[in-house]
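Below is one structure, written out as structure tokens, with a few remarks after it.
The values are calculated or read from the model by the stated rules, or taken from the named source; none is laboratory data. All values derive from a computational prediction rather than experimental measurement. Ideal geometry is used to build each Cβ from the backbone, glycine not excepted, and the neighbour counts take in all protein chains shown.
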Amino acid sequence: MVKVKLEDKKLVFSFPNRLDTAVVMEIETEVMKKLEEEKKSVKTVVFDLKDVEYISSSFLRLCVNVGRGKEENDLVIINVSPIVFKVFKMAGFDKIFKIELLDWNF
Amino acid sequence: MVKIEATADLKNLKLLTGFIESSLKKITSNFELLHDLILASEEIIVNIILYSYPEEKGLIKVWIFLDKNSFVSIVIKDHGQPFNPLEKQEPDLAASLDQRAIGGLGIFLVKKLVDDISYCRKNNSNILILKKKLHKEAI
């Protein structure tokens, strides 16, 4: 369900369309495990939300867990659509993570 | 008024939120309103799944109706142990990541997503009501 790629020192996770609590619980272990495996080669973790249309608080918690575990590394969240950004903003997460809105060109 | 019930299990989450979504689509085309109510409902339902039935899983019942003042009400009921999700501690959003209380985030969001939220305990059941005003769509 989650796609991962390592480019330069960035570990990029691409998430599926709907991140409700049940889905997040399924992918959480996969994400944390991959992070642990690659931690020596990674400086930045990127969460690419270009296909994501819905997030719940469980996904916010995943962001915290990922951000928390990193000392020198950063978590950057990219391609965030307006309705998803609204949820990050409500939780005040726009102040603690670097969040980039989806940049559409049509 | 429409109703659904299912066992309080994470595998029924999509069934419950899917029903709420398709029911609401019959009364509004407002995407943001739909999103807010579905997310608020999910957060409540997940809390019930995680906390109301510590031993044997019971039922979650959901009713949806629209009142004459154009408020959508979503009533979520379970007969588990007394549990008022509104009493959960709010997360300290100003805290650094390390101290952030990640537990109360769901309920914190619910309070911002809906216009009114109330809880009562009656007949050995937890009853939570979410209300949001349906605005008249511009034609």
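Scan the range A:1-60 for residues that are touching a Ser or Thr at 6+ places or on another chain (Cβ under 7 Å) and over 29 Å from residue B:35 (Cβ atoms) and jot them down.
Result: A:6, A:9, A:10.
Rundown of residues vs (1) surrounded by fewer than 20 Cβ atoms within 10 Å (Cβ to Cβ); (2) in contact (Cβ under 8 Å) with a residue 60 or more places away in the chain; (3) aromatic (Phe, Trp, Tyr), yes/no style:
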{"position": "A:45", "(1), (2), (3)": "no, no, no"}
{"position": "A:49", "(1), (2), (3)": "no, no, no"}
{"position": "A:55", "(1), (2), (3)": "no, no, no"}
{"position": "A:59", "(1), (2), (3)": "no, no, yes"}
{"position": "A:68", "(1), (2), (3)": "yes, no, no"}
{"position": "A:74", "(1), (2), (3)": "yes, no, no"}
{"position": "A:77", "(1), (2), (3)": "no, no, no"}
{"position": "A:83", "(1), (2), (3)": "yes, no, no"}
{"position": "A:92", "(1), (2), (3)": "yes, no, no"}
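Looking only at the range A:52-69, count how many residues are in a helix (DSSP H, G or I) and under 18 Å from residue B:107 (Cα atoms). If you could, list the steps in order and put the result at the bottom.
First, the residues of the range A:52-69 that are in a helix (DSSP H, G or I): A:57-68.
Filter again for under 18 Å from residue B:107 (Cα atoms), leaving A:57-64.
Looking only at that region, the number is 8.
Of these, B:77, B:68, B:88, which one is among the charged types (D, E, K, R), modelled with pLDDT under 95 and surrounded by 15 or more Cβ atoms within 10 Å (Cβ to Cβ)?
On the way: B:77 fails: modelled with pLDDT under 95; B:68 fails: surrounded by 15 or more Cβ atoms within 10 Å (Cβ to Cβ).
Among B:77, B:68, B:88, only B:88 is among the charged types (D, E, K, R), modelled with pLDDT under 95 and surrounded by 15 or more Cβ atoms within 10 Å (Cβ to Cβ).
Can residue A:18 be described as touching a helix residue (DSSP H, G or I) at 6+ places or on another chain (Cβ under 9 Å) and without any contact (Cβ under 8 Å) to a residue 60 or more places away in the chain? I'd like the intermediate steps shown before the answer.
Numbers: touching a helix residue (DSSP H, G or I) at 6+ places or on another chain (Cβ under 9 Å): yes; without any contact (Cβ under 8 Å) to a residue 60 or more places away in the chain: yes.
Here the answer is yes, as residue A:18 does meet what is asked.
Sort out which residues of the range B:34-81 are of a type in the set (Lys, Arg) and assigned to a loop (DSSP other than H, G, I, E, B), and write them in order of number.
Just the residues of the range B:34-81 that are of a type in the set (Lys, Arg), to begin with: B:57, B:61, B:68, B:77.
Passing the criteria: B:57, B:68.
Name the residue that is nearest to the chain's Cα centre (by Cα), counting only residues in the range B:37-58 that are among the charged types (D, E, K, R) and more than 9 Å from chain A (Cβ to nearest Cβ).
Restricting attention to the range B:37-58, the residues satisfying the condition of being among the charged types (D, E, K, R) are B:42-43, B:55-57.
Next cut, more than 9 Å from chain A (Cβ to nearest Cβ) only: B:55-57.
Numbers: B:55: 22, B:56: 21, B:57: 18 Å.
Out of the qualifying residues, it is B:57.
With respect to residue A:25, determine if the residue is modelled with pLDDT of 90 or more, in contact with a helix residue (DSSP H, G or I) (Cβ under 8 Å, 6 or more places away or on another chain) and facing chain B (nearest Cβ under 10 Å). Outline the logic, then answer.
Working: modelled with pLDDT of 90 or more: yes; in contact with a helix residue (DSSP H, G or I) (Cβ under 8 Å, 6 or more places away or on another chain): yes; facing chain B (nearest Cβ under 10 Å): yes.
Answer is yes for this residue.
Looking at residue B:34, is it in contact (Cβ under 8 Å) with a residue 12 or more places away in the chain, crowded, with 16+ Cβ neighbours inside 10 Å and farther than 22 Å from residue B:119 by Cβ? If you could, list the steps in order and put the result at the bottom.
Numbers: in contact (Cβ under 8 Å) with a residue 12 or more places away in the chain: yes; crowded, with 16+ Cβ neighbours inside 10 Å: yes; farther than 22 Å from residue B:119 by Cβ: yes.
In short, yes.
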